[in-house]
Amino acid sequence: MRFKAPKPVLSRPVRVCSIQYALRPVADFDTFARHVETFVDVGDDYDADVVVFPELLTAQLISTLPKGITPGESMREVAERYTEDYDRLFRGLSASYDRIILGGTHPRFVDGDLMNVAATFVPGHPPVLQPKLHLTPTERKVWNFRPGHELHVVETDFGIFGVTICYDNQFPEVARILAEQGVQLLLVPYLTDDRRGWARVTTCSRARAVENQIFVVTSGMVGSLPHITDLTAQYAQSGVYTPADYAFPQDGVATEVSVNTEMVAVADLDLALLDQVRRDGTVLNHQDAAEDGLHVRFDGRVIVHRVPWGSKSEG
């Protein structure tokens, strides 16, 4: 026989919940916090290990600022006014619900520079902060963000994961570096204003899953902030993507939600299947990439966080 049945592997399951969240005006931070907790509670109802919110989740707090403020000033104000509240909210939710939560992204100051930063909250640990490395023209010229120069790898009980924010996922080298560090689950919070932007993020996410033989979870923003520049319309269809091989759905899509509707996507993933397909798959992208001599060099820092997961690791 040409093909043999794959050898059994130990299961390493993780359930992920992607929140396709609606941008909306809010009266104050408490209103924002109630909306957020609603969806953490949904993730808890589904017993999700990891809950993922979209890029610039806190942009809706711009609606609490004085009218007439410029877009650049608005992002600075959100960073200055709400960073402590944001961290306190998500640390509390992560601890009380006993879930890993990627709190989307939030503008915050890092060493004096305003950056677009994803924060991952693991119960019992400080947040892991992943700055966006590649900035769109709007982020650079309108919101006055500065790029980051670090990649963060999170090692927890079920496996190793990382975060690439929207535009960052359109550079295959970033995911390749993370995969070389052992990352098998990639979380991609994004915000795009039309179908073309969504297509860039989603097409590249599916490519990253195939290239590196990993799982990729995208979480996009829908809704709008009326009369707020660059936030008046969003387009998203969030999903969970897999390698394209026999152990996975034939189209490489574990699940996708409806377009431009506030809802959640839930998927059960088994990281052990990635070990299997990397060893015995129809193609061996991950192995061949390590052997082809086309290695990627990163001028920034790669930081590994070992964060055992509280009561989960004790149980």
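The values are calculated or read from the model by the stated rules, or taken from the named source; none is laboratory data. Bear in mind that the values here come from a model prediction, so they are computed numbers and not experimental data. Note: ideal-geometry Cβ built from the backbone for every residue, glycine included; neighbour counts use all protein chains shown.
Counting only residues that are among the hydrophobic types (A, V, I, L, M, F, W, C) and assigned to a helix (DSSP H, G or I), which one in the range 41-78 is nearest to the chain's Cα centre (by Cα)? Selected residue: 57. The residue pairs whose first member lies in the range 151-166 and is crowded, with 21+ Cβ neighbours inside 10 Å, whose second member is small (Gly, Ala, Ser) and at pLDDT below 95, and whose beta carbons are closer than 7 Å, counting only pairs six or more residues apart or on different chains, are 151/300.
Per-residue answers, yes or no, for (1) assigned to a strand (DSSP E or B); (2) under 19 Å from the mean Cα position of the chain (by Cα); (3) of a type in the set (Gly, Ala, Ser); (4) at positive phi:
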{"residue": "80", "(1), (2), (3), (4)": "no, no, no, no"}
{"residue": "84", "(1), (2), (3), (4)": "no, no, no, no"}
{"residue": "102", "(1), (2), (3), (4)": "yes, yes, no, no"}
{"residue": "108", "(1), (2), (3), (4)": "yes, yes, no, no"}
{"residue": "118", "(1), (2), (3), (4)": "yes, yes, yes, no"}
{"residue": "124", "(1), (2), (3), (4)": "no, no, yes, yes"}
{"residue": "130", "(1), (2), (3), (4)": "yes, yes, no, no"}
{"residue": "135", "(1), (2), (3), (4)": "no, yes, no, no"}
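If you check residue 80 against the conditions, is it under 22 Å from residue 234 (Cα atoms) and charged (D, E, K, R)? So residue 80 does not fit the description; no.
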